[in-house]
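Here the structure is laid out as structure tokens; the discussion comes afterwards.
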Amino acid sequence: MLIDGPSLVYRGYFALPPLTTSDGTLVNAAFGFLQIVLRGMQDLKPDYAIVTFDLGKPQFRFTAYPAYKAGRPSMPDDLRAQFPVVRDLCQMMGMPIRELSGYEADDVIGSLAQRATAADVDTMIVSGDLDGLQLVNDHVRLLTTRMGVAATVIYDIGKVNERYGLRPDQMLDYKALAASGSLHNTPPAFAIYMVGLVFQWIKKNGGLQGIARTNRSKADLIYNTIDQSGGFYRGHAQPEARSVMNIPFRLPSEELEATFASESKKCGLIGLKGHRSVGGMRASIYNAMTLEGCQELANFMKDFQKKNG
């Protein structure tokens, strides 16, 4: 069992009320740490247990990115004062502490987990956050708190995929760029989040091939209406050069085109006025335009021709 000391101490401090000893010393962080560790011991019954702590600033990260964690609030003094208490608890419980100058507890855990996996030893990481999800594999799982310090959840490969739709080895990018909302002075991640939503939408709609089939069906609805109008609607492009995204067309007169644009807008079909270099009308049926929307436009075009043809 690899125990992420700082994350459990932080979790206890912010999740529990200000518990104090009889002399008024604040110990909520130490109590929370102990409660999570004992719960892990009880549930897992590990053969070994190691606690890791930060030791000095992670200089290699500041060298690579000087503004690293510049946006994180400084540690409260009454939280800092509880770390020596937690170290004493570890010593009394016979749990060795492993730390390395210039590295964070997460770094030490990552190295120890890798060595354990290489030795065919199963590992449970116990942490107050989800940064360790990137380390999960066939030999490594992560136990973390769900709410407060009492309820816990264990993540294996399947659980990571169930919650995030990702493999554990993809969690590094997700956590670093998206999950913290740039609170730790990582680059803004909204664009990456939006790309993720687009990918989910593409997957839901049959992947790229499914999107292509839908776009072809959407375009066919409009082009068939144009081709079957007897010349009332006239397309600009030759059939072999037609776009499935932008469909420009003309009506018999500019007056009818103005009426078409006005009446279509009343029906919720907007943005049909053609480009200034071409004139006429233009149906922009990019991916956001649904098949049902294209059907509505085709129906409107047919009805408009009946009334004005």
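Can you confirm whether the range 217-240 contains a residue that is outside the structural domain of M289 (by TED's automatic domain parsing) and farther than 20 Å from Y286 by Cα?
As a first pass, look at the range 217-240 and keep what is outside the structural domain of M289 (by TED's automatic domain parsing): none.
The answer is no; no qualifying residue exists.
Looking at the range 221-252 only, could you name the residues that are hydroxyl-bearing (S, T, Y) and under 44 Å from the mean Cα position of the chain (by Cα)?
Of the residues in the range 221-252, the ones hydroxyl-bearing (S, T, Y) are 223, 225, 229, 233, 243.
If the condition is that a residue be hydroxyl-bearing (S, T, Y) and under 44 Å from the mean Cα position of the chain (by Cα), then Y223, T225, S243 are the ones that fit.
Looking only at residues that are among the polar types (S, T, N, Q) and without any contact (Cβ under 8 Å) to a residue 24 or more places away in the chain in the range 254-289, which one is nearest to Y233 (Cα to Cα)?
Among residues in the range 254-289 that are among the polar types (S, T, N, Q) and without any contact (Cβ under 8 Å) to a residue 24 or more places away in the chain, the one nearest to Y233 (Cα to Cα) is S262.
For the range 153-173, which residues satisfy the criterion of being outside any helix (DSSP H, G or I) and more than 20 Å from D43 (Cα to Cα)? Working first, answer last.
Of the range 153-173, the ones outside any helix (DSSP H, G or I) are 153-156, 165-167.
Answer for the range 153-173, where residues must be outside any helix (DSSP H, G or I) and more than 20 Å from D43 (Cα to Cα): G165, L166, R167.
Filter the range 207-234 for residues that are within 18 Å of E296 (Cα to Cα), of a type outside the set (D, E, K, R) and part of a helix (DSSP H, G or I) and give the result. Give the derivation first.
Quick first cut of the range 207-234, residues within 18 Å of E296 (Cα to Cα) only: 214-229, 233.
Of the ones still in play, those that are also of a type outside the set (D, E, K, R) are 214-215, 217, 219, 221-226, 228-229, 233.
Correct list: T214, N215, S217, A219, L221, I222, Y223, N224, T225, I226.
Cβ-Cβ distance below 7 Å, separation of 6 or more or different chains: which pairs start in the range 235-248 with a residue that is assigned to a strand (DSSP E or B) and end on one that is loosely packed, with under 15 Cβ neighbours inside 10 Å?
N246/S284; P248/V278
On the given criteria, is D107 within 22 Å of L172 (Cα to Cα) and among the charged types (D, E, K, R)? Explain how you work it out, then say what you get.
Values: within 22 Å of L172 (Cα to Cα): yes; among the charged types (D, E, K, R): yes.
For D107, the condition - within 22 Å of L172 (Cα to Cα) and among the charged types (D, E, K, R) - is met.
Within the range 138-152, can you find the residues that are farther than 16 Å from P168 by Cα and surrounded by fewer than 16 Cβ atoms within 10 Å (Cβ to Cβ)? Full working, then the answer.
From the range 138-152, those farther than 16 Å from P168 by Cα are 145-152; that's our starting set.
Across the range 138-152, the qualifying residues are R146, M147, G148, A150, A151, T152.
Select the helices (runs of 4 or more DSSP H) contained entirely in the range 1-84, then report the ones holding at least 2 residues which are assigned by TED's automatic domain parsing to the domain that holds T152 and either over 32 Å from the mean Cα position of the chain (by Cα) or buried (at least 20 other Cβ atoms within 10 Å of the Cβ) (or both). Write out each step before concluding.
Details: elements: 5-15, 28-44, 59-64, 77-80.
The helices (runs of 4 or more DSSP H) meeting that bar are 5-15, 28-44, 77-80.
With of a type in the set (A, V, I, L, M, F, W, C) and within 19 Å of R39 (Cα to Cα) as the only criterion, which of A113, A150, A70 stands out?
On the way: A113 fails: within 19 Å of R39 (Cα to Cα); A70 fails: within 19 Å of R39 (Cα to Cα).
The match here is A150.
The values are calculated or read from the model by the stated rules, or taken from the named source; none is laboratory data. None of the values given here were measured: they were computed from a predicted structure. All Cβ positions, glycine included, derive from the backbone under ideal geometry; neighbour counts span all protein chains shown.
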